[in-house]
Amino acid sequence: MWFLNRTAAIIIPAVVLLSCGFADLRPIGYGYSPSGAETVLKDPYSPVSVHFDTEMEENESSGILKVHYTGGNVEGDLHWKNNSLIFTPISPWTPGRRYTLSVSGTVYSRDKRDIRLDNHIPFYALSRSPSPVVEASYPEDGASVGISPEEGRVELRFSIPMDRLSTERAFTVNAFSGKIFEWKDEDRILVVRTGKNLEAWKVYQWSMGTEAESREGVPLARKVSGQFTTDLERLRPSVLECYPLLFSGGSWFPTGEKLEDGLRPGLAVAIRFSKPMDENFLKQIRFEPGLSGRTERLSPSSLVYIPDRDPEPESFYVLTVSAEARDTAGLEMEADFSLGFKTAIPYLCIYSFSANGGLEISGSPEQPVLVEVDPALDGILRYNIRFLYIFGEKARQDTPLRIGLSSFFPTDLAAPRLRFVSWLSPDTLKMEWEGLIPGTAEEKHYYRLLIPGGRSGISNGSGVYFRDDVVIMLEAIK
């Protein structure tokens, strides 16, 4: 509906005689669409306009009409039709947004009349529902927070219930590894979490764009944003101590020793930190030279490193905890932690050796040992090997089966045969062989006694083994 504004308070002659002719003093009638304030347009592209009751100078009058809102001017198409200057928006009107039709300036009719206009008419499109706004947010802009999923979250409170889908799409936050949305208070509160601990000492920035809409389809009045820093916790973790552990009865127990004093066979290594640690600290342990094993958590602030095998005897190792080990607040250590230690694991060795009643020889004989054998008595050889360390029960069963005596020279010399084995004590083994043949002045006979060494050789059952194979050469004489 058009509203025509005509000046009618004073009746004056329509035409006044001037010196050079006649001047038309009739006022120009005009009206607006929408005609009243707070009108709601029904369609997304409903035009707005100003109408005159006479033909106008279109080129000179087009610039008087503008449409704007709090965010700026609205772009649209202006054209004249039947004395009406019509504005049609290029993009659809936004529901609930308050627009203003402004007509301001001087316009001229074709019959040489003019009028100055200055009118501003507010209106809405599709809905008069209020635009939603963010009333409050957590964390406050610039706040320091922890890294837990509960602390490291973004929470927004809206003025009215929101449309979930458009609001979630309009929300952005940097460095979140996935977003978990939770709605409360009948869709007036949105909580966004990542479901994991955030990265410590990092700045997180978030924003909620105007694409977010209320349930009535009205967009957010203005974009909001904020940032927070996960630097609430500032004390970095450190390694307090490392010590050996013994497994017994299904649990780990400290031995009361220090790691730097040596690591004995069958033990694991405990590492205690100054703070509760994140799970990643289980992967930040290494040994040089390499010592394969696995880690298990003992407590929130300690772990145990369980070697797959005992470390090398009489060797020096360096235990390193990487600076990338993080506490539960996400803070890393200041630097790598390193601790050197020597294993308290000796090599197995022979304390003494004696054969067929001969003299007891200390250590492993380096020269051939003369042993008297009698072919008439089946060429029997008896010897005792006394080890420096005692052997466990299982090791005592396994060791004799792995010690061999073979003919060495001449090559066609018959091989001896094992006939008797006995442990005189946990550290002394007695073995008896037959079939040895004594040599002569012209041809000496040698036999080779082999005790396998190395990690795959014989062991006393407590992780102690010979560094290398032990070979004792025996010369059989009459």
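Quick notes on this structure:
- Qualifying residue in region 278-292 (condition: farther than 27 Å from Gly330 by Cα, of a type in the set (Lys, Arg) and out of contact with any Leu (no Cβ under 9 Å at 6 or more places or on another chain)): no
- Scanning region 114-129 for residues that are among the charged types (D, E, K, R) and either in a strand (DSSP E or B) or open to solvent by less than 20 Å² (accessible area, probe 1.4 Å) (or both) turns up Asp114, Arg116, Asp118.
- Within region 211-232, the only residue that satisfies the criterion of being without any contact (Cβ under 8 Å) to a residue 60 or more places away in the chain and touching a Gly at 6+ places or on another chain (Cβ under 8 Å) is Lys223.
- One residue alone among Val50, Val40, Val107 is in a strand (DSSP E or B), farther than 29 Å from Pro130 by Cβ and β-branched (Val, Ile, Thr), and that residue is Val107.
- Some residue of region 160-173 being assigned to a loop (DSSP other than H, G, I, E, B), within 21 Å of Arg234 (Cβ to Cβ) and touching a residue at least 24 places away in the same chain (Cβ under 8 Å): no
- Residue among Ala221, Ala268 that alone is in contact with a Ser or Thr (Cβ under 7 Å, 6 or more places away or on another chain) and of a type in the set (Gly, Ala, Ser): Ala221
- Any chance Glu211 is more than 29 Å from the chain's Cα centre (by Cα), exposed (fewer than 13 other Cβ atoms within 10 Å of the Cβ) and either in a strand (DSSP E or B) or not hydroxyl-bearing (Ser, Thr, Tyr) (or both): no
- Those residues of region 191-218 which are of a type in the set (S, T, N, Q) and either farther than 17 Å from Ile160 by Cβ or out of contact with any Leu (no Cβ under 7 Å at 6 or more places or on another chain) (or both), in sequence order: Thr194, Asn197, Gln205, Ser207, Ser214
- Residues of region 130-147 that turn out to be surrounded by fewer than 17 Cβ atoms within 10 Å (Cβ to Cβ), part of a loop (DSSP other than H, G, I, E, B) and among the small types (Gly, Ala, Ser), as a count: 1
- Here the strands (runs of 3 or more DSSP E) wholly within region 281-354 that include at least 1 residues being open to solvent by less than 50 Å² (accessible area, probe 1.4 Å), more than 30 Å from Val471 (Cα to Cα) and aliphatic (A, V, I, L, M) are 285-288, 302-307, 316-321, 337-342.
- Number of positions in region 86-98 that are surrounded by 16 or more Cβ atoms within 10 Å (Cβ to Cβ) and modelled with pLDDT of 95 or more: 3
- Close pairs from region 414-441: first under 17 Å from Glu360 (Cβ atoms) and open to solvent by 60 Å² or more (accessible area, probe 1.4 Å), partner assigned to a loop (DSSP other than H, G, I, E, B) and among the aromatic types (Phe, Trp, Tyr), Cβ under 8 Å, at least 6 apart: none
- Number of positions in region 449-466 that are in a loop (DSSP other than H, G, I, E, B) and within 44 Å of the chain's Cα centre (by Cα): 7
- Residue among Leu220, Leu240 that is modelled with pLDDT of 90 or more and surrounded by 17 or more Cβ atoms within 10 Å (Cβ to Cβ): Leu220
- Among the conditions (1) open to solvent by 60 Å² or more (accessible area, probe 1.4 Å); (2) more than 29 Å from the chain's Cα centre (by Cα), the only one that Asp187 does not satisfy is (1).
- Checking the stated criteria, Val50 turns out to be open to solvent by less than 40 Å² (accessible area, probe 1.4 Å) and in contact with a helix residue (DSSP H, G or I) (Cβ under 8 Å, 6 or more places away or on another chain).
- Residue that is surrounded by the most Cβ atoms within 10 Å (Cβ to Cβ), among those in region 355-383 that are among the β-branched types (Val, Ile, Thr) and not in a strand (DSSP E or B): Val373
- Hits in region 148-173 - residues which are open to solvent by less than 60 Å² (accessible area, probe 1.4 Å), among the charged types (D, E, K, R) and under 10 Å from Arg193 (Cα atoms): Arg153, Glu155
- Enumeration of residues in region 259-277 that are open to solvent by 40 Å² or more (accessible area, probe 1.4 Å) and part of a loop (DSSP other than H, G, I, E, B): Arg264, Gly266, Ser274, Pro276
- Any hit, region 59-79, residues being assigned to a loop (DSSP other than H, G, I, E, B), at pLDDT 90 or above, surrounded by 15 or more Cβ atoms within 10 Å (Cβ to Cβ) and not hydrophobic (A, V, I, L, M, F, W, C): no
- The listed residues are Tyr465, Tyr389, Tyr447, and the only one of them that is in contact with a Ser or Thr (Cβ under 7 Å, 6 or more places away or on another chain), within 30 Å of Pro265 (Cβ to Cβ) and either surrounded by fewer than 17 Cβ atoms within 10 Å (Cβ to Cβ) or not polar (S, T, N, Q) (or both) turns out to be Tyr465.
The values are calculated or read from the model by the stated rules, or taken from the named source; none is laboratory data. Predicted model, so just to flag it, every value in this text is computed and none were measured. Neighbour counts run over all protein chains shown; Cβ positions are idealised from the backbone, glycine included. Accessible surface areas use protein heavy atoms only, side chains included; no ligands, DNA or RNA. Shrake-Rupley method; radii C 1.70, N 1.55, O 1.52, S 1.80 Å.
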